[in-house]
Amino acid sequence: MNIEMVRADQFPVSFKIKNKNDNTYITEVDDMYITFREKPYETSPILFQKTLDDITFDPETNKWRFLIKKEDTKDLPYGKYGYDIEITKGELIKTKTGTLTITDEYTMEE
């Protein structure tokens, strides 16, 4: 999943997670981390991270939701970053990856 947003704006994100064994949607998890970094290396600092405290499930749409807040991106240079969503359910660990592109902003707070 690719996310494109203006720096220092709030941006709601939603996504579905399919269980590839039986093609159903994963609606309950034991743990979840969404980690944003510049590079996919352990030595690359975490820019910001979301946990189950920040992520909710909407049963009407079968989608997980979280909010990228203004403070998450306000100090990031424009450009492309990576992230992964790591889900733990029992012994299953599933990871999805994507990109976050921070675009130019034209209206600035004074």
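Coordinate-derived values only; no laboratory data. This structure is a prediction, so every number in the text was calculated from the model and none was measured. Note that each Cβ is placed from the backbone with ideal geometry, even for glycine, and that neighbours are counted across all protein chains shown.
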*For the stretch 1-60, what ratio Rg/Rh do Cα atoms give with a Kirkwood hydrodynamic radius?*
1.00
*Over all pairs of distinct alpha carbons, what does the Kirkwood formula give as the hydrodynamic radius of the chain, in Å?*
15.0 Å
*Between the alpha-carbon centers of the stretch 1-38 and the stretch 74-102, tell me the distance in whole angstrom.*
8 Å
*Is it possible to state the helix-based mean residue ellipticity at 222 nm for the chain, with each DSSP H run of 4+ residues giving -39500 (n - 2.57), the sum divided by total residues, to the nearest 500 deg cm²/dmol? What is it?*
-500 deg cm²/dmol
*For the stretch 52-104, which chymotrypsin sites (Phe, Trp or Tyr not before Pro) are both in a DSSP coil and crowded by at most 10 other Cβ atoms within 10 Å?*
none
